[in-house]
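Asks: Structure incoming, see below.
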Amino acid sequence: MTIQKGRVAIVTGAGQGIGKGIAIKLAEAGANVVACDINEKNAREVVDEIKASGYESLAVACDVGSKPDCERLVMSALNQWGRVDILVNNAGIIRDALIYKMTEEQWDAVLRVNLKGPFMMTQASIVPMKEQKFGRIINISSSACKGNIGQANYSSAKAAINALTYTSALELGKYGITVNSICPGVIDSEMVRSVPQNILDRWLAVIPAKRIGQPEDMAHMVMAYAAEEAGYLNGQTIYVDGGMQTGLKM
Ligand SMILES: NC(=O)c1ccc[n+]([C@@H]2O[C@H](COP(=O)([O-])OP(=O)(O)OC[C@H]3O[C@@H](n4cnc5c(N)ncnc54)[C@H](O)[C@@H]3O)[C@@H](O)[C@H]2O)c1
């Protein structure tokens, strides 16, 4: 599987964790990477790391929940390199609470970043992708899309991002644009480091791989979806979770 040198990739939430792993892997494969994050310092550090390895990259501070920011992000890629080939909708947040305690603010914050953000980034990115007759959109969902206690907001957003993937794939296939989702299981990142150890232990017990996933495990799947050869791979959702979703958990 290959990425043609000079393809331009936007990765949202690239300042740390899974997004950082994806940004570095895409750069190593030959893409010019636009690393976007609401945390500008982290985005810049990732870009410095990529550039230090001899690859092209650009840091853009952006809140994916803001439509003007999404449009400015795509424009930054176009101003720098004249095209947008790959979009990885990775930025995400959690605001966990049981349903009876969940506030409207917690609900709105998660839906804004985790669902409206990918929708607005898709809208902005498909303008150049349609002209190019080439695009790869990869949505980072979650195995929580099937439901998770304390995550009504997050699991609803992640189920909906899979639906966004299916509809986008149906609408955009004719322009040479593919749209696919990845549902990570439990992956080593700041997001997961905030989870209490007793809950992590419970998760580990039901992961057949018997380890927490690494950002690189997600990056390898992104490479498969983003590859030149993957033009007929469209509208798919794949669980990259060490087998956690498989079979009965008794
Ligand atoms: N870590 C896991 O176990 C896991 C499991 C399933 C799905 N995911 C998903 O993977 C993605 C990455 O998660 P992670 O674990 O690396 O989390 P993380 O918290 O380590 O990183 C998320 C990044 O997104 C950025 N971000 C947050 N809000 C933003 C906004 N409004 N605009 C732009 N950037 C913003 C953050 O600054 C951060 O750099 C998320 O969509 C998450 O839901 C993670």
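Asks: If I take R0 = 45 Å and measure r between the Cβ atoms of Thr2 and Asn79 in this structure, what FRET efficiency does the formula 1/(1 + (r/R0)^6) give, to the nearest 0.05?
Replies: After rounding to 0.05, the efficiency reads 0.95.
Asks: Taking neighbour Cβ counts within 10 Å as the exposure measure, how do Ser125, Ser142 sort from fewest upward?
Replies: By the 10 Å Cβ count, ascending: Ser125, Ser142.
Asks: Another question, if that's okay. With charges set only on the Cβ (+1 for Lys and Arg, -1 for Asp and Glu), what does the dipole of segment 8-240 come to about its Cα centre, in debye to the nearest 20?
Replies: Charge dipole of segment 8-240: 440 debye, to the nearest 20.
Asks: Taking 0.36 nm per intervening residue step and subtracting the Cα-Cα distance, what contour gain separates Gln197 from Glu216 on full extension?
Replies: Contour length minus Cα-Cα distance gives 4.6 nm.
Asks: From Cα pairs below 8 angstrom and at least 6 apart in sequence, can you work out the relative contact order of segment 59-155, rounded to a whole percent?
Replies: 38
Asks: For Val60, list long-range residues whose amide hydrogen, built 1.01 Å from N in the peptide plane, is under 5 Å from its own amide hydrogen.
Replies: Counting only residues 5 or more places away or on other chains, the set is Ala35, Cys36, Asp37.
Asks: Right, something else. In debye, nearest 20, what is the charge dipole magnitude of segment 164-244 about its Cα centre with +1 on Lys and Arg Cβ and -1 on Asp and Glu Cβ, if you could check?
Replies: 240
Asks: How large, in Å, is segment 89-130 by the Kirkwood hydrodynamic radius built from its alpha-carbon pairs?
Replies: Evaluated over segment 89-130, this radius sits at 11.5 Å.
Asks: Please compute the length gained on full extension between Ile149 and Leu170, using 0.36 nm multiplied by the number of residues separating them and subtracting their Cα-Cα distance.
Replies: Length gained between Ile149 and Leu170: 4.4 nm.
Asks: Okay, next question. When only Cα pairs under 8 Å and 6 or more residues apart are kept, what is the percent relative contact order across segment 8-240?
Replies: 20
Asks: Sticking with this one: Order of Arg7, Arg136, Arg112, Arg211 from fewest to most other C-beta atoms within 10 Å?
Replies: Arg211, Arg112, Arg7, Arg136
Asks: Quick one: which residues, 5 or more positions from Thr237 or on another chain, have an amide H under 5 Å from its amide H? H modelled 1.01 Å from N in the peptide plane, none for Pro or chain starts.
Replies: When sequence neighbours closer than 5 places are left aside, the close amide H contacts are Ser181.
Asks: Take the alpha carbon atoms of segment 54-101, find their center, do the same for segment 104-124, and report the distance between the two centers in whole angstrom.
Replies: 11
Asks: Given 0.36 nm per residue, what is the gain on full extension from Ala97 to Glu131 after removing their alpha carbon distance, in nm?
Replies: 7.9 nm
Asks: Work out, in µm²/s and without decimals, the Stokes-Einstein translational diffusion coefficient of the chain at 25 °C, 0.890 mPa s, Rh from Kirkwood over C-alpha pairs.
Replies: The estimated diffusion coefficient comes to 136 µm²/s.
Every read-out reported here was derived from the displayed coordinates using simple, explicitly stated rules and does not represent laboratory data. Owing to the predicted nature of the structure, the values given are computational and were not obtained by experimental measurement. As a convention, Cβ positions derive from the backbone with ideal geometry for all residues, glycine included, and neighbour counts pool all protein chains shown.
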